[in-house]
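Here's the structure we're looking at; comments come further down.
The values are calculated or read from the model by the stated rules, or taken from the named source; none is laboratory data. Treat the numbers as computed from the prediction; the structure is a model and nothing was measured. Note that each Cβ is placed from the backbone with ideal geometry, even for glycine, and that neighbours are counted across all protein chains shown. The protein model used for the area step is the full one, side chains on, heavy atoms only, and it has no ligands, DNA or RNA in it. Shrake-Rupley method; radii C 1.70, N 1.55, O 1.52, S 1.80 Å.
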Amino acid sequence: MTHTTRPAGTGDAIPPLRAQTVRSTGEPARCTVSPVDASEEERTTAWLTVNESVILSLDEFR
């Protein structure tokens, strides 16, 4: 699953971001957030990747 967005109120200061979730058998689902135009290497070395189980919805966070 991939989702693309620009953080609210940032104008052009922050590039549009992509959240991509990868699911593998026997492994936890992982979500990587990176700029839309990041290379494959940049997505795995320079940006945030977390287990999907630790991600909260906005409603849970509020």
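Below are the figures for this structure:
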item	result
Matching entry among Arg62, Arg30, Arg23 (being modelled with pLDDT of 85 or more, more than 10 Å from the chain's Cα centre (by Cα) and not small (Gly, Ala, Ser))	Arg23
Those residues of the range 38-54 which are open to solvent by 80 Å² or more (accessible area, probe 1.4 Å) and either under 10 Å from the mean Cα position of the chain (by Cα) or at pLDDT 85 or above (or both), in sequence order	Trp47, Leu48, Ser53, Val54
Residue ID - least open to solvent (accessible area, probe 1.4 Å), chosen from residues in the range 27-37 that are assigned to a loop (DSSP other than H, G, I, E, B) and in contact (Cβ under 8 Å) with a residue 12 or more places away in the chain	Ala29
